[in-house]
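Novice: Provided herewith is a single structure, encoded as structure tokens, for subsequent inquiry.
The values are calculated or read from the model by the stated rules, or taken from the named source; none is laboratory data. These numbers come from a predicted model, not from an experiment. Using ideal geometry, Cβ is built from the backbone for each residue, glycine included, and neighbour counts are taken over all protein chains shown. Remember, those area values only see protein heavy atoms, side chains included, never the ligands or the DNA or RNA. Shrake-Rupley method; radii C 1.70, N 1.55, O 1.52, S 1.80 Å.
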Amino acid sequence: MSKSKKKKINIKLFTVILLLIVVGIGFLFVPLFKNLKFGLDLQGGFEILYKVKSIDGTKMNKEKLTATYKTLSKRIDSLGVSEPEIILEGDDKIRVKLAGVNNPEEARKQLSTVATLSFRDTNDNLLMTSDVLKAGSAKVSQDSSGNPAVLLSVKDKSKFYEVTNKVKDYDNNTIVIWLDYNEMTDSYEKEKNSCGSSGSNCLSAASVSQGFASDVIIQGNFTEEEVTNLVDLINSGSLPSKLTEVSSKTVGASFGDETLTKTLFAGIIGVALISTVLIIVYHFTGVISTVSIIIYTFLVFLVFWVIGGVLTLPGIAALVLGIGMAVDANVITFSRIRDELYKGKSLQLAFKSGFKSSFSAIFDSNLTTLIVAIIMFIFGESSIKGFATMLIITVIVTMLTMVLLTRVLLEVFAMSGKFDNKTKFFINVNKEDIPNVSKGEEVKKIPFKNVNFLKKDKIFVAISVIIILIGAVTIGFCDLNLGIDYRAGSNITITSDKKMTAKELKKDLRSLSLESSEIDIADGEASIRIDKTLDGDKVNTVNDYFEDKYDAKVNIGVVSNIVQRELIKNAIFSVILALIGIIIYVSFRFKFSYAFSGVICLVHDVLVIFALFGIFHIEISSMFIAAILAIIGYSINDTIVLFDRIREEISNNNKKLDKKLLISICNKSIQETFSRSIYTTITTMIPVITLIILGSSEILTFNLAMLFGLICGTYSSIFIAAGLFILLESKNLGKKVKEKIKYTDDIKEKDIKGINC
């Protein structure tokens, strides 16, 4: 059998195996997806944010917060909730997400039942908190007469002995055990006659004749059922803290199902369109890239399932965005392979050179995105943290599939020799555009050879300045349209088939003693904003009112001033840290002039996006900040790819740099990367646009910010970044670039006067 025949059989076999893998993924994907955990925004449920405060007035510490976390976990188990999310935020807040909860009021009641034990004297002064007890150690027991009682196990025996030893010397040497003591309503003087009876927060009052550190028995007129309930309550709530509801949100299950369907459909359409564009532009290599995308998507979901992640709307948005950004790795590589072919190299050499020269740009761009994602994860909250988790996974999987896997797949076909004379089919390069170097032919095709991208750079800067100024003036007069996430108040969304008018809804609010600051009605959905933060009972009242009157699905979000301040602080802090992280990394990998130019472009992108949101009065929510951070990571990708090419061109040039030469090098670099920038932007915009058109309104703000950011990021990378770099590098003009060491086989004797000459 001939060698060529063997190669042909191997390629056929490899193709069949590849198709089987893709088909297998198709069959495995559905059960994998069904086994994922879905957040409350996709499944429906209840979310509540608590502020945690120590009942003894001391500062909350990690131990107390962790104890509160564990207690809430036990309480949620009793609700029968599958895979709840309990997130510690800062030093004094806990966010609870309960997907699939159908009765939010019941959940709120069970979660907010404080159930804290305290030991006090007869003057109601606090002696000890439940810190002295072993958590979860309460047991059903009996007193000396055989009546039902509760046994408490003491943990801090020295503290218990110290306190009891003092109480024995009091005039009224009695320790009173309270459950959920309320200093406004409870007192031993009022309840001493009912202490130990059903319905009283005073559980027990016992005289102390000597200091002791043994276990404690709570005895009173309890039935066996009351003792059992009391044990369960103490074990699930024996905490040194109080929970105060700060904000809450309910999401109907049908709303979640609809959102999931819309978003996934938009994602599938987006991926299909990306594949179509890749195949049209790159032909067979586009097909290989499509296979990589399918494997990439499957692996992202698989990793997410393995780590036990909870899939939310922001997570899906990050996944779809990640697909667009992952394609960038292939576009960069394919563009470099094309460039090498246009220089007259064979397909095999072009393939090797293209992958080698593209790796640094891919590595640097993905690592900067990873830096931003990690910062989002550490300092972000709620939806931003979910977005960051998925973004981190997509970046890691991108390097494995869109770089390593694509290389392996393409190498099999490129090195087979079957496509040497079929470059048009393989990567859409006409054979006549490849020069015959052996015959002295020069490069025939240089894309955008006659376009001077830097000629009008001042005009592009002026356009940006004008947009930013118009936005600043608009924001100054009209303010930013801050969503419920960034201002205290409540947001009520009513979805109904019945007719709703603004006039009637205002009347409804007045009957509820509420006043709206804004009412929007569109396609059977009314969005009402009020500046008042509704408490638990009021949320339930408002929800029931609109459900009954309009036979509607009601979603109520509540945010206090505490949340507002924390979100704004974290948002600003996250953006600043992301910029600092990028400056440090790019300075290390390139040099400071590259880093500073890139960050100025990022600041430009952020300001333009804020200006556009101000001009068009688009709502700014927490997802907007996720979009800003994602754009920072994405925009620097474009700029790094350009800077990587500029650095390469400068290092290959041995002439003294003057301004004219530097401009020429930068302009040539833009010419060489322009196609890649456009194709990458288009493939990344496709899923964003499909999510805007077909996706859920819940992530509309995110997608609009992404759309503006993609356009702005590409614009600044092409028309502004290089100009800034030239301005900063002007100090190096006239300095000769360090020449590369050249090795030769010719050995010449050095002439030294007086010795050999």
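Novice: Would you mind counting up the charge near Gly211? Only other residues with Cβ under 9 Å from its Cβ, with Lys and Arg at +1 and Asp and Glu at -1.
Specialist: Combined, the nearby Lys, Arg, Asp and Glu give +1.
Novice: Still on this structure: Please give the per residue accessible area of the stretch 304-381, computed with a probe of 1.4 Å over protein heavy atoms only, in Å².
Specialist: Per residue, the stretch 304-381 has 28 Å² of solvent-accessible surface.
Novice: Roughly speaking, what is the centre-to-centre gap between the stretch 137-214 and the stretch 577-600 when only Cα atoms are used, to the nearest Å?
Specialist: Centre-to-centre distance over Cα atoms comes out at 63 Å.
Novice: Still on this model: Compute the Cα gyration tensor for the stretch 282-367, then decide on rounded, prolate or oblate, letting a ≥ b ≥ c be the square roots of its eigenvalues: rounded whenever a/c is under 1.5, prolate when a/b is larger than b/c in the other cases, and oblate in all that remain.
Specialist: It comes out prolate by the Cα gyration axes.
Novice: What FRET efficiency, computed as 1/(1 + (r/R0)^6) with R0 = 30 Å and r the Cβ-Cβ distance, is obtained for Tyr161 and Thr244, rounded to the nearest 0.05?
Specialist: Once the sixth-power term is evaluated, E becomes 0.35.
Novice: Oh, and also: Calculate, for the stretch 390-519, the solvent-accessible area per residue in square angstrom, rolling a 1.4 angstrom probe over the heavy atoms of the protein chains.
Specialist: Each residue of the stretch 390-519 exposes 57 Å² on average to a 1.4 Å probe.
Novice: Now a separate question. Please work out the FRET efficiency for the pair Asp544 and Lys458, using the Cβ-Cβ distance as r and a Förster radius of 56 Å; give the result to the nearest 0.05.
Specialist: 0.35
Novice: Run through the stretch 145-180 and list the chymotrypsin sites (Phe, Trp or Tyr not before Pro) located in a DSSP loop whose Cβ has at most 16 other Cβ atoms within 10 Å.
Specialist: Tyr170
Novice: Taking amide hydrogens as modeled 1.01 Å from N in the peptide plane, which residues meet the under 5 Å criterion relative to Gly483, leaving out close sequence neighbours?
Specialist: Ile620, Ser621
Novice: For the stretch 332-464, which whole-number percentage of the solvent-accessible area (1.4 Å probe, protein heavy atoms only) is attributable to carbon and sulfur atoms?
Specialist: 62 percent
Novice: Assuming 0.36 nm per residue, please report the length gained on full extension of the stretch Thr276 to Ser197 beyond their Cα-Cα distance.
Specialist: 21.0 nm
Novice: Which part of the stretch 157-201 falls in the paramagnetic zone of Ala213, meaning amide N under 18 Å from the point 7 Å along Cα-to-beta-carbon?
Specialist: What the label zone holds, given the 18 Å backbone N cut-off, is 157-168.
Novice: Compute the signed sum of charges (Lys and Arg +1, Asp and Glu -1) over the other residues within less than 13 Å, Cβ to Cβ, of Glu515.
Specialist: So the surrounding residues net to +2.
Novice: Continuing with the same structure: At a 1.4 Å probe radius, carbon and sulfur cover how many percent of the accessible area of the stretch 599-725?
Specialist: Ligands and nucleic acids excluded, carbon and sulfur reach 67 percent.
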